[in-house]
Amino acid sequence: TEEKVIVSRASRRPFFSQFQDLRAGDHVVHADYGIGVFRGLRRVEVEGRGREVIELAYRDGDRLLVPVEDLDLVQKFSQAGPEAPPLDKLGTNSWEKTRTRAKKAVEAVAKELVDLYARRRAVKGHAFSPGGAWDEEFAKTFEYEETDDQLRSIREVRADMERETSMDRLLCGDVGYGKTEVAMRAAFKAVMDGKQAAVLCPTTVLARQHLKTFRDRMVLFPVRVESLTRLRSPSERTAVVEDCRKGLVDILIGTHRILSKDVGFKDLGLLVIDEEQRFGVAHKERIKQLKTSIDVLTLTATPIPRTLNMSLTGLRDISLIETPPRDRLAVHTVVTPFNAKLVAAAVRQELGRGGQVYVVHNRIEDIDKVAALVVKLVPQARVVAVHGRMPGPALERRMIDFVERRYDVLVSTTIIENGIDIPLVNTLIVDRADLYGLAQLYQLRGRVGRSARQAYAYFLVPPYLELTPTARERLKALKEFSELGSGFRLAARDLEIRGAGNLLGHRQHGAMEAVGFEYYMRLLDEAVRKLKGEPVEEESPEINLKIDIHVPEDYLPQVNLRLNLYKRLASVEALEEIDRVREEIVDRFGPVPETIESLLRYGALKHLARKLRLRSIDRTERRIVLRFRPETPVDWSRVAPLLKRHSGSITPDGVMSLAPRGKSERALLDETIGVLKELSE
């Protein structure tokens with residue numbers, strides 16, 4: 001086996017994420033050595049000095065020891081699937097090959113995005129007139145107070161519509177966070193400008209819900225809203241198609257039926273698409289054709305990662321609604337062994353306050369038995385069961401009956417629709433919750449708690465001793481759900497990765513899985529920057545000043561907190577951040593020991609070195625040696641006074657040698673930081 005102590009390694013550029021959820025046994029990615037397994041934090045002797053390192057395990061028993069000051073090169077490995085990724089082998093080019101393949105895939109998608117953006121900018125569309133009195137009147141009739149995110153999204157959509165180029169904006173936010181209101185403002189604006197709007201939904205149930213919402217919202221205004229789904233009679237459908245062609249229908253809401261060739265518009269100006277990833281290939285092609293000539297607003301409840309949103313700034317217009325409505329309460333979550341009395345009490349409590357209940361049971365074979373059990377426990381409850389193998393029309397009928405309150409309890413497999421918003425459903429009971437993934441449970445729990453009323457989620461599991469070790473782990477994470485603990489964050493991460501896949505296309509899925517989500521995002525960001533002619537982030541410099549920098553265990557015993565602190569300081573993006581971290585440490589743990597003071601200064605030094613494109617900083621017996629990359633922004637004509645003060649010299653290939661005046665470690669660090677600050681000016 002091979003063991004490497006990487007005292008400090010230069011690499012492409014740092015990652016910026018935190019290690020609060022990292023546990024021994026988790027997979028990580030090192031920017032230079034690839035995928036390994038995190039084994040823990042260790043103290044080792046290097047060149048006669050003690051230092052903390054993280055130990056990573058690679059294939060065939062190889063080990064890598066990475067100094068904590070180089071944690072900007074290490075990132076937790078995230079992927080959407082549960083399968084463990086293959087480990088890389090040290091001393092081979094396996095990681096280099098993987099990274100090269102991923103880079104090619106990333107460059108292809110970046111080029112596609114840049115080209116698409118250029119084509120869209122070249123095509124002239126309809127520039128809607130600036131908002132007038134009608135828009136203001138319509139906004140005034142909104143019965144709730146808009147959240148800041150909602151207001152920003154409304155402004156962004158309005159600005160897009162008023163430009164000559166066609167809008168293609170993605171509006172992302174959880175169910176019940178107010179995406180529909182943003183879409184209705186856009187549709188209303190289009191209609192007031194003499195255009196028609198179409199709303200495309202993946203299911204009949206969702207189309208029906210949108211029809212009711214749009215009609216209720218626009219009842220005071222001269223707007224005709226119609227729907228086109230298979231729930232309408234043939235004669236009604238024919239009449240709607242005819243009126244739409246004549247321009248008598250202002251807003252048409254429907255399933256993929258509205259994409260049919262026989263459905264025409266007199267003057268279509270806006271297309272709103274709900275959950276585009278749920279449509280088939282043929283429908284997506286038709287949508288693509290429409291996108292070139294009209295304004296398009298796409299809604300999705302699958303979260304989009306902030307990193308992706310930042311990478312795509314200026315290429316794909318994304319609006320995020322991340323804040324819940326002001327009166328939203330957190331869902332009260334209970335994890336408990338199955339208990340018939342508890343189930344009966346939970347259902348009765350919800351029915352007693354005029355609400356409805358979801359019961360999720362994922363075995364189609366005995367779903368009717370579960371429905372019968374609910375009836376037996378609560379005889380007054382009107383119960384209906386649905387599952388994915390039912391004929392489409394029958395499933396839709398039952399779902400609509402539940403939405404329209406003909407039933408109190410819906411016993412269902414996990415097909416509870418992603419986009420359906422039923423504010424009266426505020427109790428969720430999940431049978432055998434131990435069999436679901438965290439992301440699934442997170443999504444299911446999101447189906448309740450969408451109004452100002454307190455919602456409850458009961459996750460029922462077998463007795464503790466009957467659980468598998470994996471299920472016990474999941475159960476532990478589930479218990480953290482209520483406090484939005486790491487389990488919640490992992491589930492949210494899983495969904496974000498899926499959201500990124502939906503947005504970038506499934507061809508990118510393999511590249512994401514091969515190098516991990518965070519590393520993929522970094523490659524994408526670099527590729528987009530290159531194509532746009534922007535500077536790519538600085539590479540990480542190699543620093544070896546032979547100074548003791550560590551967080552004493554007796555000062556901060558929790559390993560994850562120490563790791564997180566090392567990670568933050570290795571990845572600092574601004575000097576002000578160092579002061580914030582220092583204040584935080586003092587506030588939480590008391591006066592800062594000398595070794596942490598050195599660590600904080602080391603973080604500042606690394607940040608400045610990165611900005612100046614330094615390759616390395618070394619300390620010899622009497623000198624500090626700075627090696628600059630050719631692309632350094634330093635103005636060499638201004639360094640003479642600095643060299644004179646420090647008895648320094650500089651070579652033509654950018655190697656600067658200085659004689660430090662200070663003798664202590666802190667003085668040495670402060671002096672080197674001062675030199676780099678002077679060179680940055």
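The values are calculated or read from the model by the stated rules, or taken from the named source; none is laboratory data. Predicted model only: the values in this text are computed from it and were never measured. Cβ sites come from the backbone with ideal geometry, for glycine too, and all protein chains shown count toward neighbours.
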Worksheet item: List, please: which pairs have Cβ atoms under 6 Å, are six or more places apart or on different chains, and start with a residue in region 380-407 that is within 12 Å of THR204 (Cβ to Cβ) and end with one that is assigned to a helix (DSSP H, G or I)?
Response: GLU396/THR204; GLU396/VAL205; MET399/VAL205
Worksheet, complete the sentence: Residues of region 527-549 being free of Cβ contacts under 8 Å to residues at least 24 places away in the same chain and closer than 27 Å to TYR602 by Cβ, in sequence order, are PRO535
Worksheet item: Just wondering, is there one or more residues in region 66-74 that are assigned to a helix (DSSP H, G or I), more than 17 Å from ASP26 (Cα to Cα) and modelled with pLDDT of 90 or more?
Response: no
Discussion item. Test of understanding: among ARG661, ARG623, ARG613, ARG619, which residue is under 25 Å from VAL536 (Cβ atoms) and in contact (Cβ under 8 Å) with a residue 12 or more places away in the chain?
Written reply: ARG613
Worksheet item: What is the residue count in region 154-173 for residues that are of a type in the set (Val, Ile, Thr), closer than 20 Å to PHE138 by Cα and without any contact (Cβ under 8 Å) to a residue 60 or more places away in the chain?
Response: 1
Discussion item. With the condition being over 28 Å from GLN209 (Cα atoms), I'd like the helices (runs of 4 or more DSSP H) fully within region 333-418 carrying at least 1 qualifying residues.
Written reply: 340-352, 367-377
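Among the residues of region 94-101, is there at least one that is in the same structural domain as VAL272 (by TED's automatic domain parsing) and among the acidic types (Asp, Glu)?
no
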Worksheet item: Is it true that ARG447 is basic (Lys, Arg) and over 28 Å from the mean Cα position of the chain (by Cα)?
Response: no
Practice prompt. Could you please find all residues in region 69-115 being under 26 Å from ARG562 (Cβ atoms) and hydroxyl-bearing (Ser, Thr, Tyr)?
Written response: SER78
Discussion item. Please pick out the residue among ASP366, ASP434 that is crowded, with 19+ Cβ neighbours inside 10 Å, among the acidic types (Asp, Glu) and in the same structural domain as ARG472 (by TED's automatic domain parsing).
Written reply: ASP434
Item to complete: Give the number of residues within region 174-227 that are part of a helix (DSSP H, G or I), β-branched (Val, Ile, Thr) and touching a residue at least 60 places away in the same chain (Cβ under 8 Å).
Response: 5
Practice prompt. Check LEU56 against each of (1) outside any helix (DSSP H, G or I); (2) closer than 20 Å to SER598 by Cα and name the one condition it does not meet.
Written response: (2)
Practice prompt. Inspect all residues belonging to region 88-105 and state whether any of them is exposed (fewer than 13 other Cβ atoms within 10 Å of the Cβ), assigned to a loop (DSSP other than H, G, I, E, B) and among the small types (Gly, Ala, Ser).
Written response: yes
Item to complete: Identify the residue in region 124-136 that is among the hydrophobic types (A, V, I, L, M, F, W, C) and farther than 16 Å from ARG169 by Cβ and, among all such residues, is modelled with the lowest pLDDT.
Response: ALA133
Item to complete: Could you identify the single residue in GLY648, GLY662 that is surrounded by fewer than 16 Cβ atoms within 10 Å (Cβ to Cβ), within 17 Å of ARG619 (Cα to Cα), out of contact with any His (no Cβ under 7 Å at 6 or more places or on another chain) and not polar (S, T, N, Q)?
Response: GLY662
Discussion item. Among the numbered criteria (1) outside any helix (DSSP H, G or I); (2) surrounded by 17 or more Cβ atoms within 10 Å (Cβ to Cβ), which one does LEU599 miss?
Written reply: (1)
Fill in: Any pair with Cβ under 6 angstrom, 6 or more apart, that starts in region 125-152 at a residue that is in the same structural domain as GLU164 (by TED's automatic domain parsing) and ends at one that is assigned to a loop (DSSP other than H, G, I, E, B) and at pLDDT below 90
THR147/THR323; ASP149/GLU322; ASP149/THR323; GLN150/GLY178
Practice prompt. Taking the residues in region 518-572 that are under 24 Å from GLU631 (Cα atoms) and basic (Lys, Arg) as candidates, determine which candidate is surrounded by the most Cβ atoms within 10 Å (Cβ to Cβ).
Written response: ARG522
Discussion item. Is it the case, given these coordinates, that ALA667 is under 16 Å from ARG601 (Cβ atoms) and aliphatic (A, V, I, L, M)?
Written reply: yes
Fill in: Unmet requirement for VAL182, which otherwise passes all of (1) surrounded by 23 or more Cβ atoms within 10 Å (Cβ to Cβ); (2) at pLDDT below 90
(2)
Fill in: region 359-378 residues that are at pLDDT below 90, paired with ones that are of a type outside the set (Gly, Ala, Ser) (beta carbon under 6 Å, 6 or more apart)
ASN362/THR413; ASN362/THR414
Discussion item. Condition first: of a type in the set (A, V, I, L, M) and either touching a strand residue (DSSP E or B) at 6+ places or on another chain (Cβ under 6 Å) or farther than 24 Å from GLY25 by Cβ (or both). Now tell me which residues in region 87-120 satisfy that.
Written reply: LEU87, ALA102, ALA105, VAL106, ALA108, VAL109, ALA110, LEU113, VAL114, LEU116, ALA118
Item to complete: Under 9 Å between Cβ atoms, at least 6 apart or on separate chains: pull out the pairs that start in region 97-111 with a residue that is under 22 Å from LEU87 (Cα atoms) and end on any residue that is modelled with pLDDT of 90 or more and β-branched (Val, Ile, Thr).
Response: THR98/ILE35
